[in-house]
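Student: The structure that follows is given in the form of structure tokens.
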Amino acid sequence: MWSSTLPTIETFNDKLLRLPQVLEISGLCRSVVYKLAKQGQFPAQVTVGVRGARWSEKEVRDWVADRLANARRATVTEAE
């Protein structure tokens, strides 16, 4: 069903990634991607077609950036 909400400019600049691209960007293995997504700790996949799954590049990169930021905060906190 088509949403009545118009997409934002960020949506138009987003790409849908295949699993190998997600693995490369995130540094995770396949099973961990699916496990974390099931737990709500990784961006959910978007279904395309009957068997196709893709992930939002923006969401995956934002997830990586968030993980890096959290790791850096933890490092700074430990150093104090």
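Read the figures in this text as sums done on the coordinates, not as results from a lab. Note that the structure is a prediction, hence the values are computed from the model and not measured. FYI the Cβ positions are ideal-geometry reconstructions off the backbone, even for glycines, and counts take in every protein chain you see.
Student: Put a dot 7 Å past each Cα toward the Cβ at residue 12 and residue 69; how far apart are the dots in nm?
Tutor: 2.6
Student: Let me ask something additional. How far is it, in nm, from the label point at residue 38 to the one at residue 59 when both lie 7 Å from their Cα along the line to the Cβ?
Tutor: 1.8
Student: Continuing with the same structure: Under a Cβ-only charge scheme (Lys and Arg +1, Asp and Glu -1), can you give me the dipole magnitude of segment 15-79 about the Cα centre, in debye to the nearest 20?
Tutor: The calculated dipole for segment 15-79 is roughly 240 debye.
Student: When the Karplus curve 6.51 cos²θ - 1.76 cosθ + 1.60 is applied with θ = phi - 60°, which whole-Hz ³J(HN,Hα) does each residue of segment 35-49 get, with x for Gly and Pro?
Tutor: 5, 5, 5, 5, 7, x, 9, 8, x, 6, 6, 10, 7, 10, x
Student: Positive end of the dipole of segment 15-79, charges at C-beta (+1 Lys, Arg; -1 Asp, Glu), about the Cα centre: which of 48, 34, 64 has its Cα farthest in that direction?
Tutor: Most positive-ward Cα: 48.
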